[in-house]
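Take a look at the structure below.
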Amino acid sequence: MDNQLITYFQDNVAPDKSEVRQIWGIFWGQLKIFMTYRTWVVTDTFNTIVSIAIYYFLSLQVQPSQIAASGYGTSYLAFSLIGIAFANYLWFCINRISHSMQSEIREGTFETIASSPIRMRSYLFGQAARGFLVGLYYMVGALAVGVYGFNAPLHFEPAALLTSSLVLVFMVLSHLGLGIFIAGIVLVYKQADPVTFMVSLFMEFFAGALFPLQLLSNYPPLAIASELMPYTYALDALRKSLIQGATLASQDILFDLAVLVVYAVILLPLGLWSFNVGYDRIRTEGTTSSY
């Protein structure tokens, strides 16, 4: 009888060893879960529209000369729109990894994932891919509301869009290692929300998401810190391409891209290494399923 039960429940389908298919499976499964939360999607979309409206009315109080001195045109709405829209997109992608890891651990399903044939690297990239697509929906929506609802002067010519899309890819890659590193913290300590909040706050502040970085010139330590943030260079390139219409022929754009590539080459392997250290630690300690 026992042998019959074992035979009945035995899965004869060989596990798929293709990493691309594993990443796709994680991505598609998480996307289907996301699409079931229709009320959440609607409320988040509404919040995005309200946020853009707030920055529109705030832009009426800002002197255009302050923005022009930074080389980003004269519209504070366009300046802040890019800073917030892309910051939200970036942290939606990065937070997705650690947030999903924390949810799996809290709900007791992470041990099942860890014992499955799925590579943890595939799981991480699959979760990140879901964040990229969902975050893209909100980012494009925010830009569309700003441009067509409040007349933000942005360049949507093919060359500018191509340049900004390339910058977007390397912006995400340069920060992906940080998201994986935070996910490693979640594995060991089961919580990382304070770390994520502080990191996002510092990155947005020192990159100048809402104010020109020239305002930090009188505070050398803060100015130096801003130059060490990869998001600083991503925002600079995005603003120059979408506000000024700069393309890949611009030396400033190429410099910003080169910096982002360097950060990606350094931080992504470090993030994967630190995550593997945390993963090996919880397996050694036997705390895979604890919360």
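Numbers at a glance
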item: Karplus-derived 3J(HN,Hα), 6.51/-1.76/1.60, for each residue of the stretch 247-254, Hz, glycine and proline x; result: 10, 5, 6, 7, 5, 5, 5, 4
item: In the stretch 189-273, trypsin sites (Lys or Arg not before Pro) in a DSSP loop with at most 16 other beta-carbon atoms within 10 Å; result: Lys190
item: Square roots of 5 times each gyration tensor eigenvalue, C-alpha, the stretch 157-280, largest first, Å; result: 28, 18, 12
item: Taking His175, His155 and counting other C-beta atoms within 10 Å, the order from fewest to most; result: His155, His175
item: Value in Å of the Kirkwood radius, where the stretch 130-210 supplies the Cα pairs that are averaged; result: 15.1 Å
item: At most 14 other Cβ within 10 Å, DSSP loop - chymotrypsin sites (Phe, Trp or Tyr not before Pro), the stretch 126-156; result: Phe156
item: Full-extension gain in nm, Thr74 to Tyr189, via 0.36 nm per residue minus C-alpha separation; result: 36.8 nm
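Just so you know, all these numbers are worked out from the coordinates, no wet-lab data involved. Since the structure is predicted, the reported quantities are computational estimates derived from the model, not experimental observations. Because the Cβ atoms are built from the backbone with ideal geometry, glycine has one as well, and the counts that use them run over all protein chains shown.
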